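**Student:** Before I ask anything, here is the structure I am working with.
The values are calculated or read from the model by the stated rules, or taken from the named source; none is laboratory data. Remember, predicted model here, so these are calculated numbers, not experimental data. In this analysis, Cβ positions are derived from the backbone assuming ideal geometry, glycine residues included, and neighbour counts consider all displayed protein chains.
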Amino acid sequence: MSVDRRGLLIILSSPSGAGKSTLARGMMEWDPSLSFSVSATTRKPRKGEEHGREYYFHNHDEFRKIVDDDGMLEHAEVFDNFYGSPRAPVETAIKAGRDVLFDIDWQGGQQVRNSVLGKHTLSIFILPPSITELERRLRSRGQDTDEVISNRMQKSRDEISHWPEYDYVLVNDNLDVTAEKLKTIISAERLRISQQPNLVETVRVLNSEFEDRK
């Protein structure tokens, strides 16, 4: 079945506390056809988690085989467990014209952009308005210890240094304004030539009409 456009792999990255997850949820509410990329992991399921919903759960051997078969768009080892983004469901979605949202760090984003589906990526980095504000947001959550917050702040400097690798960079000094900018970017990128598989046929028909007028 022909589709009007190919889906996008939308990569959102930011240091912790810059508002990436809140913006991602807002995009899902704005367009319910957007879906999150469900990650694969080798960690054990927690109570209430289901395979294919929160994560695709695999043992280490299964995960390594998927990687060896080029079945992961990106993967990394975190605290003795592997995490990654399976290629097959993403490929199926974009061929059907559905966009897939990735909430991943710069390393994962780099791997996805360098993958076989790289030409369909849209990467956006979210910056905080200041480092003081970034720390304030982390503390206002009331979820982390001072040590955890300190570690997140140290990591944020390295993460921010990768901003030039992205297609777009937004400074999130106002959540509503940033969300509107994000919607504009996504709407425009959906019209990118590489995302419109039927354009060649459309132009062919137009040219044939010119021939018929001779």
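Okay, residues lined up against (1) in contact (Cβ under 8 Å) with a residue 12 or more places away in the chain; (2) within 20 Å of the chain's Cα centre (by Cα); (3) under 30 Å from Ala93 (Cβ atoms); (4) in a loop (DSSP other than H, G, I, E, B):
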{"residue": "Leu122", "(1), (2), (3), (4)": "yes, yes, yes, no"}
{"residue": "Pro164", "(1), (2), (3), (4)": "no, yes, yes, no"}
{"residue": "Glu180", "(1), (2), (3), (4)": "no, yes, yes, no"}
{"residue": "Thr184", "(1), (2), (3), (4)": "no, yes, yes, no"}
{"residue": "Glu201", "(1), (2), (3), (4)": "no, no, yes, no"}
{"residue": "Val205", "(1), (2), (3), (4)": "no, no, yes, no"}
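**Student:** I've got another one for you. Only one of Asp4, Asp31 is more than 28 Å from Leu138 (Cβ to Cβ), at pLDDT 90 or above and not basic (Lys, Arg); which?
**Tutor:** Selected residue: Asp31, the only one of Asp4, Asp31 that is more than 28 Å from Leu138 (Cβ to Cβ), at pLDDT 90 or above and not basic (Lys, Arg).
**Student:** Restricting to helices (runs of 4 or more DSSP H) lying wholly in the stretch 53-113: which have 3 or more residues that are crowded, with 21+ Cβ neighbours inside 10 Å?
**Tutor:** Helices (runs of 4 or more DSSP H) meeting the threshold: 106-113.
**Student:** While we're on this one: Taking Asp167 as meeting all but one of (1) surrounded by fewer than 17 Cβ atoms within 10 Å (Cβ to Cβ); (2) more than 26 Å from Ser85 (Cα to Cα); (3) touching a strand residue (DSSP E or B) at 6+ places or on another chain (Cβ under 9 Å), write down the number of the exception.
**Tutor:** Of everything listed in (1) surrounded by fewer than 17 Cβ atoms within 10 Å (Cβ to Cβ); (2) more than 26 Å from Ser85 (Cα to Cα); (3) touching a strand residue (DSSP E or B) at 6+ places or on another chain (Cβ under 9 Å), Asp167 misses just condition (2).
**Student:** If you go through the stretch 137-146 one residue at a time, do you hit one that is surrounded by 14 or more Cβ atoms within 10 Å (Cβ to Cβ), without any contact (Cβ under 8 Å) to a residue 24 or more places away in the chain and out of contact with any helix residue (DSSP H, G or I) (no Cβ under 7 Å at 6 or more places or on another chain)?
**Tutor:** No.
**Student:** In contact with a Gly (Cβ under 9 Å, 6 or more places away or on another chain) and at pLDDT below 95 - does that describe any residue in the stretch 199-210?
**Tutor:** Among the residues of the stretch 199-210, not one is in contact with a Gly (Cβ under 9 Å, 6 or more places away or on another chain) and at pLDDT below 95, which makes the answer no.
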